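The values are calculated or read from the model by the stated rules, or taken from the named source; none is laboratory data. Note that the structure is a prediction, hence the values are computed from the model and not measured. Ideal geometry is used to build each Cβ from the backbone, glycine not excepted, and the neighbour counts take in all protein chains shown.
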Amino acid sequence: MKKDQPHPSGAFTLIELLTVIGIIALLAAMLFPSINRSRQAAKTTSCLNNLRQISIALQAYLTEHDGRMPELQNRNSTTNNTASIDTTLLPRENSSRVFQCPADKTDLFQRTGTSYFWNFTVNGQDIDNLFSIVGGTNPQHIPLLSDKEGFHPETKDKVNTLYADGRVAKELQFSTSVP
């Protein structure tokens, strides 16, 4: 048999097989970071949707309570019997999962009932005349809810935020100027 002729059995040589495996491994290594970024972006989008759903529940609460913000605290444990966003707004939602950020890998949701931090400086205030140490009187700059931790490393501030004007954003914008 001559050296240039293919193998009669039609099988791959070890070098050909290793070359194909190497190419597949290289392609997989190139794709993995983009797949990971896509997963993180999907979790961020899902978190933003959670905040929108909570905003709808908050709007229903405000309608039922003459435009007064609820008086809520941020619990450090679900065993604390205190008013918080998940205990006060939960009756308006079908599932408590809306209070869990999909990127919460620190189990804050399981321990505290929510992955989100409530800006307690707006407690009991009239929605039309809000004032907060963070945001002043401008509803566009008063954060009501944000992630408790930096769950979203692909975003500038690593948190998603619900503002008093009803919008949600992948950033934390506020002003500390006092009127």
Checklist line | Enumeration of residues in region 114-152 that are surrounded by fewer than 20 Cβ atoms within 10 Å (Cβ to Cβ) and acidic (D, E) | finding: D126, D128, E149
Margin query: Going through R37, R111, R92 one at a time, which residue ends up being more than 24 Å from V134 (Cα to Cα), modelled with pLDDT under 90 and either surrounded by 13 or more Cβ atoms within 10 Å (Cβ to Cβ) or touching a helix residue (DSSP H, G or I) at 6+ places or on another chain (Cβ under 9 Å) (or both)?
Written below: R92
Note to self: Of everything in region 89-140, what is farther than 21 Å from H152 by Cβ and either among the basic types (K, R) or touching a residue at least 60 places away in the same chain (Cβ under 8 Å) (or both)? Give them in sequence order.
What the structure shows: R92, I127, D128, L130
Next item on the list: Out of the residues in region 50-87 that are among the β-branched types (V, I, T) and in a loop (DSSP other than H, G, I, E, B), state the one that is surrounded by the fewest Cβ atoms within 10 Å (Cβ to Cβ).
Entry: T79
Check: Which residues, counting only those in region 124-155, are within 30 Å of I35 (Cα to Cα) and modelled with pLDDT under 90?
Finding: P153, E154, T155
Check: Do you know which residues across region 29-59 are farther than 30 Å from M69 by Cα, hydroxyl-bearing (S, T, Y) and in contact (Cβ under 8 Å) with a residue 40 or more places away in the chain?
Finding: none
Notebook entry, point to check: Residues in region 43-59: is at least one of a type in the set (S, T, Y) and more than 18 Å from the chain's Cα centre (by Cα)?
Noted result: no
